[in-house]
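Below you'll find the structure, written out as structure tokens, and then a few comments.
Laboratory data are not the source of any read-out in this text; all were calculated from the coordinates shown. If you're wondering where the values come from, they're calculated on a predicted model, not measured in any experiment. Positions of Cβ are generated from backbone atoms using ideal geometry, with glycine treated the same way; all protein chains shown enter the neighbour counts.
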Amino acid sequence: MDVYEAVTSRRAVRGFTDEPVSREVLERVLSAAAWSPSGSNLQPWNSYVLTGAPLAELKTRAVERVSHGDHWDEREYEMYPRELKSPYGERRSAFGKERYSALGIAREDWEARQRAAIANWNCFGAPAALFCYIDRDLGRPQWADVGMYLQTVMLLLRDEGLHSCTQMAWSQVRETVAEFLSPPDGLILFCGMSIGHEDPKVSYTRTGRAPLNETVTFVDG
Ligand SMILES: Cc1cc2nc3c(=O)[nH]c(=O)nc-3n(C[C@H](O)[C@H](O)[C@H](O)COP(=O)(O)O)c2cc1C
């Protein structure tokens with residue numbers, strides 16, 4: 001698969017089959033992704049990969065927790081600023097509309113939206129999940145490094161015929177995740193990533209993107 005195809009065919013897939021993903025493939029992808037760049041080569045990513053019974057149990061515990069309306073764990077980082085100024089607020093609303101209309105959910109149908117959100121903690125049915133942590137003492141440039149690493153993982157997964165969905169939602173139940181992974185003190189859970197084969201029966205709307213001139217400025221000579 002060429003790089004353009006990997007980039008354009010990657011999307012947040014929210015419906016997976018239960019076909020397993022082999023340890024061999026995951027190791028190949030994560031070994032190659034380790035070549036991602038990072039400032040001064042700090043390699044600030046710490047990944048944990050769960051499959052099989054431990055993942056099944058984590059999903060059950062997380063879904064139960066969320067379904068009972070438990071409070072989220074205390075936040076270790078803010079997912080978004082409280083006030084999303086323009087154009088970010090508009091982009092977020094457009095995304096919400098696209099997502100819920102693909103699911104046939106009305107904007108005011110809070111219960112259906114909640115049910116759709118709960119699928120996050122079932123990894124949308126995926127048989128493998130990666131949890132990515134970063135050291136609490138590191139700063140914004142290192143968080144950017146982790147983002148590059150995660151994108152590299154997602155593109156390599158495409159080359160293996162696999163799909164993924166990155167999920168900050170997992171940070172909301174980070175203590176439940178920690179019970180399974182026992183990460184060392186000092187690590188913050190940035191996100192989870194569901195990994196698997198796409199279920200073609202699950203409908204979706206391809207998310208749009210801002211026109212190039214909204215996000216790129218060329219200064220030509
Ligand atoms: C850091 C990060 C966290 C995300 N968290 C979630 C999440 O918790 N749940 C979810 O369904 N999608 C999540 N997404 C997927 C985004 O909604 C998605 O990437 C975005 O809408 C663009 O759509 P696309 O990836 O399909 O092109 C996340 C993406 C990123 C990069």
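Tally Lys and Arg at +1 and Asp and Glu at -1 over the other residues with C-beta under 11 Å from the C-beta of T17: what net charge comes out?
-3
Cross-link partners for K201 among the lysines, with Cα-Cα distance under 30 Å and sequence neighbours closer than 8 places in the same chain left out: K59, K97.
A Förster radius of 30 Å, combined with the Cβ-Cβ distance separating A56 from E160, puts the computed FRET efficiency at roughly 0.85. Distance between the pseudo-spin-label points of L138 and T207 (7 Å out from Cα toward the beta carbon): 2.2 nm. Once the Cα-Cα distance is subtracted from the 0.36 nm per residue extended length, the E175 to E98 segment shows a gain of 24.6 nm. Under the simplified labelling scheme, the N122-R82 pair shows an inter-label distance of 3.5 nm, with each label point 7 Å from Cα along Cα→Cβ.
Computing FRET efficiency as 1/(1 + (r/R0)^6) for W72 and V3, where r is the C-beta to C-beta distance and R0 is 45 Å, gives about 0.75. Within the range 62-133, the trypsin sites (Lys or Arg not before Pro) that combine a DSSP coil assignment with at most 13 other C-beta atoms in a 10 angstrom radius are R75, R82, K85, R107.
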